[in-house]
Structures are given as structure tokens and as C-alpha cells.
1. Please pick out the residue among B:266, B:236, B:197 that is at pLDDT 95 or above and more than 14 Å from every other protein chain (Cβ to nearest Cβ).
2. So if I check each of A:225, A:242, which one is out of contact with any Lys or Arg (no Cβ under 7 Å at 6 or more places or on another chain) and crowded, with 24+ Cβ neighbours inside 10 Å?
3. In this structure, does residue B:245 turn out to be in contact with a strand residue (DSSP E or B) (Cβ under 8 Å, 6 or more places away or on another chain) and over 27 Å from residue B:83 (Cβ atoms)?
4. Go through B:191, B:185 for me and flag whichever is within 13 Å of another protein chain (Cβ to nearest Cβ), closer than 17 Å to residue B:270 by Cα and surrounded by fewer than 20 Cβ atoms within 10 Å (Cβ to Cβ).
5. Whether any residue in segment A:107-120 is touching a residue at least 60 places away in the same chain (Cβ under 8 Å) and within 16 Å of ligand 2 (Cβ to nearest atom) is what I want to check.
6. Does residue A:51 satisfy the criteria of being within 19 Å of the chain's Cα centre (by Cα), of a type in the set (Ser, Thr, Tyr) and at pLDDT 95 or above?
7. So residue B:127 fits all but one of (1) closer than 22 Å to residue B:226 by Cα; (2) exposed (fewer than 15 other Cβ atoms within 10 Å of the Cβ); what number is the exception?
8. Checking residue A:194 against (1) under 22 Å from residue A:105 (Cβ atoms); (2) modelled with pLDDT under 95; (3) in contact with a helix residue (DSSP H, G or I) (Cβ under 7 Å, 6 or more places away or on another chain); (4) not in a loop (DSSP other than H, G, I, E, B), only one condition comes out false. Which one?
Amino acid sequence: MQTTEVSNLKAPPSPQAAERDILSVEGLSLSFGGVKALQHVSFNVKEGSVTSVIGPNGAGKTSLFNSISGFYTPNEGNVNFLGKNVNKVAPPDRAEMGMARTFQNIALFKGMTVLDNIKLGRHAHLKTNLLEALCYFGPARRTEEALRKEVEERIIDFLEIDHIRNSSVASLSYGLQKRVELARALAMQPKILLLDEPVAGMNREETEDMARFILDVKEEWGVTVLMVEHDMGLVMDISDHVVCINFGQVITEGLPHDVQAHPDVISAYLGSGDVATLRKKFKAGR
Amino acid sequence: MRIGTAKENYIADEALFDTNVQRGWMIALIAALIALPFLSGQYAIYLVCLVLINIVSTTGLNILTGFTGLVSLGQAAFMGVGAYIVAIMEIHLGTPFLLNLIVAGFGAALVGIIVGLPSLRVKGLYLAIATIAASVILHFVFANWTSVTGGVSGLSMPPASFFGSELIQPDQVYWMIMPITVIMLFGAANLFRTRIGRAFIAIRDRDISAEVLGIRLLRYKLMSFAISSFYAGVAGGLWAYFFRVITPESFPLLMSIFFLAAIIVGGMGSILGGILGAVFMTMVPEVLKMMVGVLSPIWPDAVAVMSPVRIIVFGALIIFFLIFEPEGLAEIWRKIRRFFHLWPFKT
Ligand SMILES: Nc1ncnc2c1ncn2[C@@H]1O[C@H](COP(=O)(O)OP(=O)(O)O)[C@@H](O)[C@H]1O
Ligand SMILES: [Mg+2]
């Protein structure tokens, strides 16, 4: 993968990219007191793929994401990113390496506008120092103007959020907030994008938009996507690989339809709540 | 947006003052600051100098507390550090005032960084208590390190000199205080147009997710402490040049509370808010004092009777503004502006 400043943003994935594992999780275990949130979880994410993690509520999906991004320190196991063991790498450094994420319960900065939230994503890649910042004229200004231009032309345009760029995030609908969070993650120039329930709480139209954005991120930007999602329709439509976990363990993984048809997956879902709605969700996936 | 201006492009959007009208007001304000000493008496200039010094320190605290979300009650003590450094350098070395003020800023920043070290672990009231502890320790040092600080009797220092002429009267010291205040205000405003200011706000709003975005918490929290106390150190240095007598009692804890009140009344996380808060907190007691003074020819006992009333009115005004507009004076100002910009169209 090239690492030139701008061109790597929308570089198409190189032909051999699909062969390499960009992220691999090995034997990850995590417990909170007596609760074993994760038990020996292992799986790989191929570069250039959309990989989905599914599983009923409380299965440990968010805990898995938190361990990958360095939020939680697992009790055992390894996280390898770009061929490097990152167990001891702090979250900001993982971000700088190219790991970006969104949160299940949106973590935008309420005191800032949409634009500033997005610009914040680029933080780790900007070099403005304190003295330059205080003077502003000169390097800081050039940096900010170049950033603004790129955010406008590549991100705001792409995600169709022109109309809200100067709004405060607190005033936005839930669906738009999720979109702004995606924008901010894209501003991080990620190599992998971790999306925790990107369409939860969205209506049908918003979900379809988001599906389109995720596919474009993969295909046009060449960014690998790892997502947690409940919406089986979305998972079936856009995933290359699906990992199902329950009670903190991997039940099965594979191609979307194989995982969907797996008896343990069906029982995991059926065992966890309202059967009728779950059947409907499964049907919607077809 | 102001009626009648359509931004041509988003680069213009990045400017600090985004309309010509705003730029015009800014130029008018600076012209007024330059004209002031020629138009008013010493007492008025004395008050303006005091306001400006308080603006510098309040803006520093606003960066730390208003923008980064780290509550500090150490601002006055950091000012003390700057004031003592300036006095000592002026007495023993006689170096140029600009150098002394810069050293004062860096000295205070260093102390600020040390005081800020617990901020990675403790927040809110706990951090406030830690900064109070630091203030107490600094006060102890000021009062007891007699060989350097002159102990409880403090230090008297010579005035600053500028190309051979001494800056003694308020209208002379003003020429040191005013430009430095203006430059430092621009610096603070610029900070929030870059990644550093955005990182501060991110830490204030949600420090844990800020980390996942690549912001190193300890580094930026300490940077915020350093900048904030640099501002305090310079303000303290200016204070020293203004009064030229420094004692351990010059920078009491109450003064730190004064600065905290200034950013709360003015508007946390707004540069304009810090300015308005400092003006309010400095001027309201003065105006009340003047009003009592006006009464005294008619009512001889006015001063004695009204002094406590004055303090109560001051407190009541603060509370009134907090209830009336919790976002601070800066928000009131914004509402007034919005009204006139959209006028005659109703919002
Ligand atoms: N910070 C935490 N402290 C204690 N328990 C937690 C914490 N985070 C998650 N858990 C527990 O770990 C399990 C997995 O939770 P989570 O990862 O959020 O599941 P999912 O995202 O799949 O719904 C749950 O039993 C939850 O209660
Ligand atoms: Mg979850």
C-alpha cells in the first residue's frame, strides 16, 4: 500500500491485497470480574474486505472492538495490526497507524461543529506545533486550509453532509450523527475502519445510504472495514466474511450465507429473544 | 450568517474575523486602545491596565478550564510565580522587561506542568483540590524563602525601562501592558483554529474517545496547563511592573476564585467570554464604589453603610447573570449581534 499523503486516500486496493491479513486477533480473552466477556477469540480480517461480527446482545462484540482499539487491555491473547503485534501500543498510536473506529453510542464532541469534529479526525497526521498554532499565519494556516479543502472535497461531498457542516452536532438527528462519526473516522486516513453498529436505530433509507457508503469506502477508498451489526440484511448484503460470536466465543465464521445457515448461529439468535422478529430479520437478509 | 454576505468559498470561512464589518470593528477597537492614553486621565488608565492584566490571566484559565475542562484554582499562585521572577530579574539582573516577562511565563509554565501532572488521574473537584494544595505550597515558598522572595515583607522593584525612559505612571506602563495583552489574545484565538485547540476541546468533551482519535491525553493536558500558566506568569509579570511591590499576600486564593468566576460569568470556552468576564469582574466593583462615592456628599455615612451592600450587590449580579444566561456574557453578546445582523428580518 502506498503511503503518499493524499493519493493513498482513494487508492484502489492492490491486486494481492485480498490475500493479506490486515488485522488478526489471536486467543483474545477479557473478563470483568466474574463476567467473561471474551474467551479465546481468534479470527483474521483480510485486507480490502468487509468483515462483519454478529452475535446476540451481550455476546461481547463491543468488548472485542474495545480490545482491538486499545480501549480495554485483554487478559490474554494478541492483536496484530499490519503484521505488528500492537498489544503494548497505546490507543493514540494505534490511531496513527491507521486504525479508526466509530462507537455504538456515538462519541461525537458536542461542543464542536460538524466540521471541527471531522477535522479532529486528522489530528494524528497533522504536524502543527504550539508556536505555529499561536502565530497561525504561515504553516498552521496552510495546513488548516489544505485540510479544509480536502475535508470538503473528499469527505463532506462523499457523505453528502454539505448542508450541516456548520451545525453543532447536538442538533442533528441520530442518523446524521452516525454519518458525521463515519466522516470523522475517514478523516483519520484509516487503513482499517471499525464500525460498531453503524445502522442501529436508522430507518430504511438511512440504512441504505450507509450501506452504500460502506461499500464505497471499501471499493473507492481501499479501506478495510470491520463492523459489528445486528441488521442481518445489511450484513448479508455487504460482507465478504462473517464471524459469529456468542458468550464471548467464536461460534463459526465464513461466507455470509454459510454462517447464516449454520445451526449454532440460528439457535444463538433464536435463543436470545423474540423469535418472530429474529426470523423476520433473517428473511430480510435474503 | 450576516444578511447580505454570501461566503464565496470555504477558505474565507477559515478567517478569524469572517466579514469586513467584523474586521472593521477590530481595527476600530485597536485604534481606540491606542488613542486611550491621550484622551483619559491616570485613574481611567489605571483601571484599564488592571482590566488588561486580568484579561490575560483569565484567558489563560479559560484555555485550561473552559476549553480543556480541567478545573484549576491555582491561577493566582502561577501569577505569583511570574511576578516574583520578574521582580527578581529586574532587581538583580536589570534585564529588558520583555525578556523578564518571557522568563516569567516559562517559569510559571514549568510550575503549571508539575501541578498538572495529577490531571491524567484526577478530574473535576479532585483536580481543583490538588491545585489548591499547590497554591498553598507556593504561598509557603513565597513567604518563607526569605533570601530570594524577601519573605512576608516581599520585594520592591525598580520600574521597567524602555530605551532609557522609565515606565512609572499608568499611562506609561500601559504601553507595555496593552500590546502584550492584544498579542496574547490573538495567540489564544489562533490556538483554537488548529489541531491543538481542537484536541483541547475534545479532551473536555470526552477524553476517552479523544484518545482513540489519536490524541495523547497526558501530553495535551500538560500542554494546556503549560499554556494557561504561561499566561498567568506573564500576567503576574505585568502586575509586578504595574504595582512594583510584591508580597505573598498579593496573590491570594481568593484571586484564583475571582478568575474562575470571570470565565463562568463571561463564558467558558469562549475567548470573548474570558475578556467580558474579566471586564465585568474588575469593573463592576469599581463602578459600585464610584456610585457610593457619588452618594457621599448627600449622605455622609454612605461609605460606611454601603460598603457591605456593595459586596452583596456584586455577588447578586454574578448570580443574576448566571441564571439569566448560563452560557455567559459572550452568549448575550452573540444574541444581540444575531438580532442586529438579521434585522430587519425576524428570526
Ligand atoms: N466496562 C464493562 N464493565 C463490566 N462489564 C462489561 C463492560 N463492558 C461489557 N461488559 C459485559 O461484557 C459482556 C459483553 O458486552 P458487550 O461487549 O457490550 O456486548 P455486545 O456489544 O455484543 O452487545 C456483557 O455481559 C457486558 O455486561
Ligand atoms: Mg455492543
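The values are calculated or read from the model by the stated rules, or taken from the named source; none is laboratory data. Note that the structure is predicted; figures quoted are calculated from it, not measured. We place every Cβ from the backbone using ideal geometry, glycine too, and count neighbours over all the protein chains shown.
1. Details: B:266 fails: at pLDDT 95 or above; B:197 fails: more than 14 Å from every other protein chain (Cβ to nearest Cβ).
One residue alone meets the criteria, B:236.
2. Working: A:225 fails: out of contact with any Lys or Arg (no Cβ under 7 Å at 6 or more places or on another chain).
The unique qualifying residue is A:242.
3. Details: in contact with a strand residue (DSSP E or B) (Cβ under 8 Å, 6 or more places away or on another chain): yes; over 27 Å from residue B:83 (Cβ atoms): no.
Taking the combined requirement at face value, the residue does not satisfy it.
4. Working: B:191 fails: surrounded by fewer than 20 Cβ atoms within 10 Å (Cβ to Cβ).
So the residue among B:191, B:185 that is within 13 Å of another protein chain (Cβ to nearest Cβ), closer than 17 Å to residue B:270 by Cα and surrounded by fewer than 20 Cβ atoms within 10 Å (Cβ to Cβ) is B:185.
5. Of all residues in segment A:107-120, those touching a residue at least 60 places away in the same chain (Cβ under 8 Å) come to A:107-110, A:114, A:117-120.
Within this subset, residues satisfying the condition of being within 16 Å of ligand 2 (Cβ to nearest atom) are A:107.
So far as segment A:107-120 goes, yes, one or more of its residues are touching a residue at least 60 places away in the same chain (Cβ under 8 Å) and within 16 Å of ligand 2 (Cβ to nearest atom).
6. Details: within 19 Å of the chain's Cα centre (by Cα): yes; of a type in the set (Ser, Thr, Tyr): yes; at pLDDT 95 or above: yes.
Answer is yes for this residue.
7. (2)
8. Only one criterion is unmet by residue A:194, namely (2).
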